[in-house]
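Notes follow the structure.
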């Protein structure tokens, strides 16, 4: 099968989130014998990487397009057009990136089966950013999405798609899987971890407020490590100001983006990962943490109820008082009980989120798109 994937940001750009998901997906499909083509922008790409030339990698064929501006992706559209013409199926990632809708129109013009992944962009929290423009675009998209198979990572995202595109829209659910790293050699350290971009939707301020009111945390010798890029610089500065106001300066450190082995070691050594987001369609950091045996507290605005069901963490509202209670339960937990959480975390990640366990699942999904049926 000839499969074309779009990506506004892509490996090895340090983007995380959807960029990592697309990379894992392309790798799994290539290993399964499919012909994969990725058309990406050069946003955040290391200077050493070649632009505007087709490259062959272990995840398929890729081109990193150099555009006049990230939001004026002329070459991304042009090379997309050339790739789409030869494709059996096209997978468009992101709703609101300007090239995405053009790709959808091109696919319909060529009568190509197409899958469209919102990647969390339809959540109420995400739609609060530039709401007027997004409302207008959604009206346009709704009129032009005939034949599209939408991809949802969870039931909540499927509901969001139906809400905006109508009850009869074609939707297939498939959760994210990833290439799980090898277990790092753990050196247990007394810190809690937030991993992700510094953006308002991540609700890091709620986490800081929870810790600022926790006498137990402040007397425990634990600290909080905040790892991730400052994608919202105003919010990042507000967080640092909040740290000072809460008198947490000696207990909170901002370490910026981390990658590769350093990131895996940061997960492995942590006592706990906390994801307090206002919205997540998935949350790759949860799998990454579980894969290193580190339990997770995730907010109920994320699709991670399984943490409670499997005893690998907690799933709680992101109100500061409730976050504080959940965190303190792990700080006071007997060692034998905590170790069971670690064992269950690893088991859950390996059983349900390893993309080598069911290598045909994406191919089956695309076959449904080709046959114009629901997967």
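What follows draws every value from the coordinates through simple rules; no lab data is involved. If you're wondering where the values come from, they're calculated on a predicted model, not measured in any experiment. Every residue, glycine as well, gets a Cβ built from its backbone with ideal geometry; the counts of neighbours run over all protein chains shown.
A few comments on the model shown:
- Fewest-first sequence of 294, 21 by Cβ atoms within 10 Å of each Cβ: 21, 294
- Relative contact order %, the chain, counting alpha carbon pairs below 8 Å whose residues are six or more apart: 15
- Estimated FRET transfer efficiency (residue 2, residue 233; beta-carbon r; R0 30 Å; 0.05): 0.15
- Length gained when the stretch residue 163-residue 88 is fully extended (0.36 nm per residue, less Cα-Cα span): 24.1 nm
- Centre separation in Å (Cα based) which lies between the range 275-347 and the range 1-16: 29
- Crossing angle, helix 320-331 versus the chain [Cα axis fit, 0-90 degrees, rounded to tens]: 70
- Placing a pseudo-label 7 Å from each Cα along the Cα-to-Cβ vector at residue 371 and residue 335 gives an inter-label distance of 5.5 nm.
- Within the range 313-337: backbone nitrogen closer than 20 Å to the residue 245 label point (7 Å, Cα to C-beta): 318-324
- Counting only alpha carbon atoms, the long axis of helix 260-269 and the longest principal axis of the chain meet at about 40°.
- Per principal axis, descending, Cα span of the chain in whole Å: 64, 46, 42
- Annotation: the residues 371, 1, 195, sorted from fewest to most other C-beta atoms within 10 Å of their own C-beta, follow the order 371, 1, 195.
- In degrees, nearest ten, helix 361-370 long axis to first principal axis of the chain (Cα): 40
- FRET efficiency for the pair residue 55 and residue 259, taken as 1/(1 + (r/R0)^6) with r the Cβ-Cβ distance and R0 = 25 Å, rounds to 0.80.
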